[in-house]
Amino acid sequence: MSSNTIKLTVSHAPFWHNGSSTASKSRNILLDSLFAVVPGCYQYGRAAAGVVTIAVASAIIWELLINFLSRRSISVGDGNAAVIGMMLAMLMPATTPWWAVVTGTFLAVVIGKEIFGGIGANPFNPAVLGMAILMLGWPFLFDFNASVLNYAFDFKAIYPLVLSKSFGAHAVDSFTVMELLKGHQIGGIGATFGIGLIIAGVYLMIRGYIRWEISIFFLAGVFATALFFKWLNPFYAGPGFHLFTGYTLIGAFFLATEDASSPVNFIPMLIYGFLGGLLTVMIRNIGVHIDGVLYAVLIINLVHPLVDKIRPKAMGKGVSHE
Amino acid sequence: MIKRAFFGILKPKLHYKQIDEAPAQPTSVRASQKITLYIDDPDQNTEASVLKVGDPVKSGQKIALTAKADSSYLLASRSGRISNIALFVGIFGKKFTAVTIDMDADAAQIMDDVFKSASQTPSLENARAMLAGLPGKPDFNVFLSGGHPVKTIAVLGADSDLLSITRQYFVKNNIISIKTGIDLLRKITGIHNVILIVPHHLAQVAGSSGATVKTVDSEYPSAHPHLIRQHILSSEAPISGAGVAFFSAEAVSAIGAAFNTGKPPLEKLLSFISKDGTRRLVSVPIGTSAQDILNEFNEKIKDGDQLIVGGPLTGISVYASDYPVLPDTDTLMVLSKKKIVEREESACVNCGECVRVCPSGIQVNLLVRCLEARKFQEASDRYDLFSCIECGFCSYVCESRIPVFQHINLAKYTLEHMKEAEKNNV
Ligand code: SF4
Ligand code: SF4
């Protein structure tokens, strides 16, 4: 056979790739979230598993529907919709009714992401946006205290942030850091088991699936701000409490780190993360809301393009083809 | 393919291949029947060419397109007869004139001795007129062009793409001829500041070259001329532009040999990488078809495979296996169909990997959005398109598998073309 009849593949350099893909990142985040979700389901029973299933499934269906309506290629394969569904479920109480879950994933996937042009184009973390709207519309569904009326726990079944907000540090003495880490607190399905969240977070950071700068500085922001408040007035709960209650850990490892809505340069990531932590504690301590993470994340999402401009200049002129 | 590291917390790294302690001797591969020379021909002189089909050619003869002194040319590596002259358009419209020479049947080569007498009196003119077609493709025009006068000669003993060991081989095994070349370059250019740039492990042998030795690290793309200029030569030359003339170690060694013996070397050394990843050093006459090399090593290619001239990050993939070895072909590699990277026109997810690896500090994540929207001018004005040194690293790490590098090259090409057109219209 003459060599000239062979059809070689022609493409542009580079001819190697490191093998990473959006799908594999999503897969890792999904599997990793199980460290927090499985204990959550264990704690809250079948209802929790139901919420998770409905959330992930409906998120995927919403995206499929949009793909279909907008005649774009099917994008659910990248796993991003599933991740959004999972994030949302992790934030929800186990008692969330199915219709609220489905509405939540609609808000997150359709309003939070697809309207802006799909993956990578969302200015806000879609799950956070969805959850924030849900909470505005149906606040009673997300009253964590009411949500656990039918459960019998061997720990204080009161949302710790409510206690600290109304009665101060004194009231939450019984929540030791160890207790909190072990998930002996009520809250979102995937938001309370601190040990699991930390394992998950460390894994994601080491593998480079999230940008560690953001997570670490988010936590540092929470820590420093809580310490400052405590120093101002001992009424406020200390850093240990703020770090391991509410959505702090899930916020640091899963929410603030969402790719499209966060910066990529080093210094900006530090500022972005720290600001998130700072706002979280400020809202908790002197704002009107019980937990500040969601709003803090939305605010830093908003300023991220601005923050990301702080960077060294590019090198002088490189190669041109002249 | 080198996989993403398990520990992604650190910046992704790629390392240049280091030559073995005792590299195997290069295999000599013969050209079968014909050689083809791709001569740079931006103005398309094919028609006006002084060359004619049927012209006899001697080995070592200068094959120039026009009679003008600044006409581009190559050297015929074998004697024979011109059998075809054609325009060849390469990647992004780069134009060549392809001159095919049917080789004389008998092994005895008829040598051209025009250079022989010129070599008695080494001069920059002689070198420019006769040696630009040497293996390694030395560029003597930099000494004559206006703008910044050249103050420094940088000899590259480090390879530019990942798998090649071609230049390292010269430093390791031919340091004497590199020294001769350096001395000659000094003599003909009057420039005494010569710097030999090598990977760390070759620093010692490089010492005997008589040039100042500087080392680059093994991390891609530190051996890129722009980065060398930026990081290593910044004290020697203004960063802004010229001031430095770059030569590959192979070219310098060839210049030395040419003046010493009166015969320009016509064999190109290259690193050949087969489908299974085996690397061999090969020495072939310039113009030899890649197919001849494949045949020599019994490397079968099939439909859908890729033949790459140049390395895995910056090379070009060619349409046909009869693509010839050119004076600057340091690497030839074959990639089997199943190892070819699938690229997608997907959206950037803002993972930031490209920004972490870009040696030029470009915000590739923003640049790529601009390029995907085909806003090339904005890409150049606001997102540093022209700071790109074309290392390809961004595409290598892109999580969305966007052909970022291709977008960049296309944008540069389009903008330059527009500028060119405007100039011509005025
Ligand atoms: S190809 Fe250009 S943009 Fe991409 S990493 Fe290299 S220098 Fe940066
Ligand atoms: S590597 Fe690709 S997906 Fe990631 S930020 Fe850069 S262009 Fe976007």
Chain A: DSSP helices with Cα axial extent of at least 27 Å and average Kyte-Doolittle hydropathy no lower than -1.0: A:22-44, A:46-69, A:212-232, A:266-286
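Want the number for A:SER166 to A:LEU227: 0.36 nm per residue separation, take away the alpha-carbon distance, what's left?
Here the segment from A:SER166 to A:LEU227 would lengthen by 20.1 nm.
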Shielding by partners, peptide A:77-86 (average Cβ within 10 angstrom, other chains): 1
Listed residue pairs exceeding 32 Å between alpha carbons, taken from B:LYS95/B:LYS214; B:LYS151/B:LYS263; B:LYS13/B:LYS419: B:LYS95/B:LYS214; B:LYS13/B:LYS419
Amide H within-cut-off set for B:PHE246, under 5 Å, with H built and near neighbours excluded: B:ALA154
Options B:LEU87, B:GLY277, B:THR152, ranked by Cα towards positive dipole end of the protein assembly as shown, top entry (Cβ charges): B:THR152
Charge sum, other residues only, whose C-beta stays under 14 Å from A:ILE267's C-beta, Lys/Arg counted +1 and Asp/Glu -1: +3
Distant-in-sequence amide H partners of A:ILE186 (H built 1.01 Å from N, under 5 Å): A:ILE158
Straight-distance crosslink candidates among aspartates and glutamates, where the alpha carbon sits under 18 Å from A:LYS113 and sequence neighbours closer than 8 are dropped: A:GLU63, A:ASP78, A:GLU258, A:ASP259
Residue-averaged [θ]222 nm for chain B, counting only DSSP H segments that reach four residues, each worth -39500 (n - 2.57): -7000 deg cm²/dmol
Protection-proxy order for peptides B:254-260, B:99-105, each taking the mean of Cβ atoms within 10 Å per residue, highest first: B:254-260, B:99-105
Longest exposed-site-free window of chain A, the sites being chymotrypsin sites (Phe, Trp or Tyr not before Pro) in a DSSP loop that have at most 15 other C-beta atoms within 10 Å: A:1-150
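With only Lys, Arg, Asp and Glu charged, each at its Cβ (+1 for the first two, -1 for the last two), find how big the charge dipole of the stretch A:153-307 is about the Cα centre; round to the nearest 20 debye.
Here the size comes out at about 120 debye.
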Of B:HIS224, B:LEU371, B:ALA129, farthest towards positive along the dipole that unit charges on Lys, Arg, Asp, Glu beta carbons give chain B: B:HIS224
19 Å Cα-Cα reach of A:LYS182 towards aspartates and glutamates, excluding residues that sit fewer than 8 places from it in its own chain: A:ASP32, A:ASP154, A:ASP173
Cα-based equivalent ellipsoid, the stretch A:22-141: semi-axes from gyration tensor eigenvalues, Å: 22, 17, 12
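Could you size up the charge dipole of the stretch B:124-261 around its Cα centre, putting +1 on the beta carbon of Lys and Arg and -1 on that of Asp and Glu, and report it in debye to the nearest 20? Working shown, then result.
Values: 10 positive and 9 negative charges, 61 e Å.
Dipole about the Cα centre, nearest 20: 300 debye.
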Stokes-Einstein translational diffusion, the protein assembly as shown - Kirkwood Rh over all Cα pairs, 1.306 mPa s, 10 °C, in µm²/s: 54
The stretch A:76-126: Cα Rg divided by the 2.2 N^0.38 Å rule of thumb: 1.12
Among B:ASP112, B:ASP330, B:ASP20: highest mean-square fluctuation, GNM of chain B, C-alpha pairs under 10 Å: B:ASP20
Built amide H within the under 5 Å cut-off of B:ARG374, gap 5+: none
Derived scalar couplings ³J(HN,Hα) [the stretch B:328-339; Karplus, 6.51 cos²θ - 1.76 cosθ + 1.60; whole Hz; x for Gly, Pro]: 10, 7, 8, 9, 10, 9, 10, 10, 7, 3, 6, 9
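Taking each residue of B:394-401 in turn, how many C-beta atoms of other protein chains fall within 10 Å of its C-beta, and what is the average?
Across B:394-401, the average partner-chain Cβ count within 10 Å equals 6.
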Total charge dipole magnitude, the protein assembly as shown, about the Cα centre, Cβ charges on Lys, Arg, Asp, Glu only, Debye to nearest 20: 420
Distance violations [Cα-Cα > 22 Å] among A:LYS25/B:LYS11; B:LYS94/B:LYS423; B:LYS17/B:LYS172; B:LYS34/B:LYS179: B:LYS34/B:LYS179
Where labels lie 7 Å past Cα in the beta-carbon direction, separation of B:ALA24 and B:LEU410 in nm: 4.1
Between the stretch B:346-368 and the stretch B:143-174, the Cα center-to-center distance that results, in Å: 29
Gap separating the Cα centres of the stretch A:179-207 and the stretch B:91-141, nearest whole Å: 69
Whole-Hz ³J(HN,Hα) from phi, Karplus 6.51 cos²θ - 1.76 cosθ + 1.60, for the stretch A:144-153, glycine and proline x: 4, 5, 5, 5, 10, 4, 8, 9, 10, 10
Whole-Hz couplings from phi, Karplus 6.51/-1.76/1.60, listed for the stretch B:195-203; x for Gly and Pro: 10, 9, 9, 9, x, 3, 5, 9, 4
Lys pairs, the stretch B:285-402 - Cα-Cα below 21 angstrom, 8 or more residues apart or on other chains: 6
Positive-end extreme of charge dipole, chain B - chosen from B:ASN350, B:GLY210, B:SER360 (charges on Cβ): B:GLY210
Residue among A:SER261, A:SER70, A:SER174 with the largest mean-square fluctuation in a Gaussian network model of chain A, springs linking Cα atoms under 10 Å: A:SER70
Neighbourhood net charge (14 Å Cβ-Cβ; Lys/Arg +1, Asp/Glu -1) for B:SER28: +1
Cubic angstrom per residue, convex hull over Cα atoms of the stretch B:345-422: 76
Within straight-line cross-link reach of B:LYS3, aspartates and glutamates at Cα separation under 13 Å, skipping those fewer than 8 residues along the same chain: B:GLU399
C-alpha center-to-center spacing [the stretch A:252-322, the stretch B:239-296] in angstrom: 49
Partnerless Cys - the protein assembly as shown, beta-carbon criterion under 4.7 Å: A:CYS41, B:CYS348, B:CYS351, B:CYS358, B:CYS370, B:CYS388, B:CYS391, B:CYS398
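Values in this text are rule-based calculations from the coordinates and carry no lab data. These numbers come from a predicted model, not from an experiment. Cβ sites come from the backbone with ideal geometry, for glycine too, and all protein chains shown count toward neighbours.
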